[in-house]
Amino acid sequence: MSAVTHYRCEICGTESSNPIHWFMIECNSDALKVLRWDTATASAPGARHYCGEAHASVYISRWLEAACTPARPDFNRPSAE
Ligand SMILES: [Zn+2]
């Protein structure tokens, strides 16, 4: 088989079979990690693909907003009661 894998940007929907300047992001509710493009990693289940820095940044901004919503009162509460 000679199937070509096409990767799709999560933000704009651009597809590429040779996304050498793309980035990947791994994240959960506690951490977010930006990865340089690696075909093996990109093919892993749950990998998120972005066509460049601009669209990776869009996702990071959304993640940051979500991580702070709702605000966590424990961080703002005085330690002494
Ligand atoms: Zn994009």
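The values are calculated or read from the model by the stated rules, or taken from the named source; none is laboratory data. Remember, predicted model here, so these are calculated numbers, not experimental data. Reconstructed Cβ throughout: ideal geometry from the backbone, glycine too, with neighbour counts over all protein chains shown. For the accessible areas, the whole protein counts, side chains as well, though only heavy atoms, and no ligand, DNA or RNA atoms are used. Shrake-Rupley method; radii C 1.70, N 1.55, O 1.52, S 1.80 Å.
Structure data summary
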{"read-out": "Accessible surface of region 18-72 [probe 1.4 Å, protein heavy atoms]: carbon and sulfur percent", "value": "54 percent"}
{"read-out": "Order by protection proxy (mean Cβ within 10 Å, highest first), peptides 35-42, 54-61", "value": "54-61, 35-42"}
{"read-out": "Dipole magnitude of region 18-72, debye to nearest 20 (Cβ charges: Lys/Arg +1, Asp/Glu -1, about Cα centre)", "value": "60 debye"}
{"read-out": "For region 18-72, average projected area of the Cα convex hull in nm²", "value": "3.8 nm²"}
{"read-out": "Area of residue 12 that stays accessible when all protein chains are in place (1.4 Å probe, Å², to 10)", "value": "60 Å²"}
{"read-out": "Per residue, in Å², the accessible surface of region 18-72 once ligands and nucleic acids are set aside, probe 1.4 Å", "value": "69 Å²"}
